[in-house]
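The values are calculated or read from the model by the stated rules, or taken from the named source; none is laboratory data. Since the structure is predicted, the reported quantities are computational estimates derived from the model, not experimental observations. So basically every Cβ, Gly included, is an ideal-geometry build from the backbone, and we count neighbours across all protein chains shown.
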Amino acid sequence: MDSRDSGIDHILQRQKLLGVLRAESAELAVAAAEAAFRGGLQIIEVTFTVPQAPLVIEKLSQLLPNAVIGAGSLTTVKEAQEAQQAGARFFVSPHLDPALCRWFFDRKLFYIPGALTPSELMAAHAMGAPMIKLFPAQVYGAGGVKSLLAPLPFLQLMVTGGVTETTAKDFLQAGAKVLSVGREVFAPEALAARDWQEIELRAGRFSRLMLLGN
């Protein structure tokens, strides 16, 4: 069986929500992820902009065995290797790089490359991407996403950028399969203040929104 079919795609499309975690330290990242998980966020992408990102992925995988922990902002094969060794269950990039696609897909790992234009989206699809990160999605808005998918309905899109509590429903109705949220849950001011309750509340609101959307 293709190891990409290990359930990650099903989990993503069932939950419809992925949290993008950025923080100034590994300690903050771990505490923020724990708070978001308590609020109901089950899928967390630890970006490689976080200091000691591989260590954070390892630690969260141990602390939150019922969560799905992945790696994001991957731009090099070296980072990809580190993410895999750390135990990430899915992998995300903000851009489309054929070398990265080959590396991940040769190993049958669940990789979501980034793309913006119809040509980039189709190139990612042709390379075998099971899902594509539309970034930055605020360039299109929900109406633009709907227009993109009209001639390309087979694309599985995860929209990133511009997703808020107000726009989430519109993006889903436009055809997005997964919504990727960062500062809307992991608010910089809450991280700076170590206000874990605020992050838990934000995660809870978004998680309930996804349940209503279903």
Item to check | Only one of Phe91, Phe105 that is among the hydrophobic types (A, V, I, L, M, F, W, C) and either modelled with pLDDT under 95 or more than 25 Å from Ser25 (Cα to Cα) (or both) | outcome: Phe105
Next on the checklist: If I filter the range 106-129 for residues that are of a type in the set (Phe, Trp, Tyr) and in contact with a Lys or Arg (Cβ under 9 Å, 6 or more places away or on another chain), do I get at least one hit?
Outcome noted: yes
Next on the checklist: What are the pairs with Cβ atoms under 7 angstrom where one residue, in the range 162-177, is more than 15 Å from Leu148 (Cβ to Cβ) and the other, located anywhere, is surrounded by 16 or more Cβ atoms within 10 Å (Cβ to Cβ) and among the β-branched types (Val, Ile, Thr)? Sequence gap at least six, or different chains.
Outcome noted: Val163/Val181
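Got a number for residues in the range 162-204 being more than 22 Å from Pro94 (Cβ to Cβ) and hydrophobic (A, V, I, L, M, F, W, C)?
Restricting attention to the range 162-204, the residues satisfying the condition of being more than 22 Å from Pro94 (Cβ to Cβ) are 165-166, 169-170, 173, 189-190, 192-204.
Next, from what is left, pick out any that are hydrophobic (A, V, I, L, M, F, W, C): 190, 192-193, 196, 199, 201, 203.
Looking only at that region, the number is 7.
Checking the condition part of a helix (DSSP H, G or I), in contact with a helix residue (DSSP H, G or I) (Cβ under 6 Å, 6 or more places away or on another chain) and hydrophobic (A, V, I, L, M, F, W, C), which residue from Ala71, Ala23, Ala33 passes?
Numbers: Ala71 fails: part of a helix (DSSP H, G or I); Ala23 fails: part of a helix (DSSP H, G or I).
Just one listed residue meets the conditions, Ala33.
Just for helices (runs of 4 or more DSSP H) wholly inside the range 160-214: which have at least 2 residues that are of a type in the set (Gly, Ala, Ser) and within 17 Å of the chain's Cα centre (by Cα)?
On the way: elements: 168-174, 188-193, 196-213.
Helices (runs of 4 or more DSSP H) meeting the threshold: 196-213.
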Next on the checklist: Can you confirm whether Glu27 is of a type in the set (D, E, K, R), closer than 24 Å to Pro188 by Cα, surrounded by fewer than 22 Cβ atoms within 10 Å (Cβ to Cβ) and modelled with pLDDT of 95 or more?
Outcome noted: yes
Checklist entry - Any chance the range 120-130 includes a residue that's under 30 Å from Glu24 (Cα atoms) and either assigned to a strand (DSSP E or B) or aliphatic (A, V, I, L, M) (or both)? => result no
Checklist entry - In this structure, does Phe91 turn out to be within 15 Å of the chain's Cα centre (by Cα) and over 23 Å from Phe135 (Cα atoms)? => result no
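Here's the yes/no breakdown for (1) at negative phi; (2) of a type in the set (Phe, Trp, Tyr); (3) buried (at least 21 other Cβ atoms within 10 Å of the Cβ):
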{"residue": "Leu157", "(1), (2), (3)": "yes, no, yes"}
{"residue": "Gly161", "(1), (2), (3)": "no, no, no"}
{"residue": "Ala168", "(1), (2), (3)": "yes, no, yes"}
{"residue": "Gln173", "(1), (2), (3)": "yes, no, no"}
{"residue": "Ala176", "(1), (2), (3)": "yes, no, yes"}
{"residue": "Ala187", "(1), (2), (3)": "yes, no, no"}
{"residue": "Ala193", "(1), (2), (3)": "yes, no, no"}
{"residue": "Arg208", "(1), (2), (3)": "yes, no, no"}
{"residue": "Leu211", "(1), (2), (3)": "yes, no, no"}
Item to check | Yes/no for Gln81 being at pLDDT below 95, part of a helix (DSSP H, G or I) and out of contact with any Asp or Glu (no Cβ under 8 Å at 6 or more places or on another chain) | outcome: no
Item to check | Single unsatisfied condition, Thr49 versus (1) touching a residue at least 60 places away in the same chain (Cβ under 8 Å); (2) among the β-branched types (Val, Ile, Thr); (3) farther than 17 Å from Phe206 by Cβ | outcome: (1)
